[in-house]
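Novice: Have a look at this one.
The values are calculated or read from the model by the stated rules, or taken from the named source; none is laboratory data. Remember, it's a predicted structure, so these values are computed and weren't measured experimentally. So basically every Cβ, Gly included, is an ideal-geometry build from the backbone, and we count neighbours across all protein chains shown.
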Amino acid sequence: MLIRNRIKKARRVNHPRQRRNLLHTAGLLLLPSLFTGVSYGNVVGADTQNFNPTTSGLDFVTVESGQVLEPGIVNFGLFLNDQANSLPYFADDEQSHTRFTDAILSADLHVGVGLLPGLEMGLSAPQVLSQNAPTTGYHGEYNAMGNTEIRIHGKYQFAGDQESGLAAQVMANVNRIKDNPYTGANAGPTTNFLVAGHTTYGKAKFGLNLGYRLRQPGETITAAAPIVPLPDQYIASGAISYLVTAIQTKFIWEVYGSAPVSEVDTSSRRQASSAETLFGAKHDFTSQLAGHFGIGTQLINGISSPFWRIYSGINYAIGQVSKPTPVQKFETISQVTQAKADPFSGPPKPREKIVIHDVLFEYDSASLVVGGADNTLSRLAGYLMTKPVFTRLVIEGHTDSIGSEKYNAELSQKRADTIRKWLIEKHHLPANKIIAIGRGESMPIADNGNYQGRQLNRRVAFTIYRDMAK
């Protein structure tokens, strides 16, 4: 459904002013326990929505990180956000942080897909669900509710890994608001070019986005409306998150904004530049389901920047992480070398550590092994019997951080025991040479704050010892 954004004079409404509050329904207060957020980086909406969740749901809320969804991973997201005092005024401005004059309830539906190693795509469809417009003053408002735009992007990680990385993103916005004065009549799509990076220090992650928004503005809609289409913009954002594993919650702080490349007269007290900040929490209810809740406010009184914002949402991820190589690292006694494409090729060494990524367990399971485990363990068994035959094999089971430390320690021990039993009974390896150890959640190799990171942490590591004198 098309939406018409119009500038109009005051009209009568049926509801009293005191009902123009920040929340349109009391039910939104319950959303923290039901929904989770994902966010698109920077100010990328069609000048009606500065809050845009990322489709990957990996690290932050609206800020992109330098990593992408792994091939085969699909993330679905639903966001609601209620914003107070975001409509433009062109007469006396009576908006403030303590006096609400308008409110808009919006939703964001999106999906992100990992296509190839280092490459993801995403699609988002924001909606305006309801508005509470003012009764006085010359102002902007929606004439109807519905879909405001379609956003589609491609993102490529060209450097780094989950700990630190850089990615490039290109996104197209197709405006679906009829007679949108900020884009102009018959405007073309807006294209956003973005470089996103992140780095990790312990349980803290830092993200930074820098980009350029290329517009194709149309003609000014009418001389009666005191608005001209906006020019190109510089866009930027930054974020910090900290994972508290004891409660499976990430706390996130973000700042995002934009500035026009050239001067523009907005004919109101709202500036062409905008900047907002938000503080929120992302809680993992299960390995696949995460929820977001938070608040935000404007730092600059810019276009579509609310005095207050409350958001809530959910992410639900599915799929199996598929790595091009089944080994994380390959060690000898004296050195650590890069992972080989095939960890079972080449001459045996006195001591080798191999982390098999396709011997993975389902969430909360010690008996069900998923992926290409049978083939991998068969090849491992053959490699162990290559002369000189192994003298000792240490199997380490690992879990993600969901659940208590005690529970995860017991679960990882059961997982290591499962692999040990598999090798002994199915591949007839000597039991006295194989040791199983549970490491629990204590040695993560990926971010426990998102779905695909937790999946990689549920793994089995093998340390092989040989007597090279034999």
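Novice: Give, as residue ranges, the strands (runs of 3 or more DSSP E) completely inside the range 202-305 that count at least 1 residues that are among the small types (Gly, Ala, Ser), modelled with pLDDT of 85 or more and farther than 30 Å from Ala185 by Cα.
Specialist: Answer list for the range 202-305: 204-214, 233-244, 274-284, 289-300.
Novice: Would you please name the residue that is nearest to Asp467 (Cα to Cα), looking only at residues in the range 381-417 that are outside any loop (DSSP other than H, G, I, E, B) and touching a Leu at 6+ places or on another chain (Cβ under 9 Å)?
Specialist: Applying the filter and picking the extreme gives Phe390.
Novice: Which condition number does Val174 fail, the rest of (1) over 19 Å from Leu58 (Cα atoms); (2) of a type in the set (A, V, I, L, M, F, W, C); (3) surrounded by 15 or more Cβ atoms within 10 Å (Cβ to Cβ) being met?
Specialist: Just one mismatch for Val174, condition (3).
Novice: Is it the case that the range 199-207 has a residue that's surrounded by 15 or more Cβ atoms within 10 Å (Cβ to Cβ), β-branched (Val, Ile, Thr) and under 17 Å from the mean Cα position of the chain (by Cα)?
Specialist: So far as the range 199-207 goes, yes, one or more of its residues are surrounded by 15 or more Cβ atoms within 10 Å (Cβ to Cβ), β-branched (Val, Ile, Thr) and under 17 Å from the mean Cα position of the chain (by Cα).
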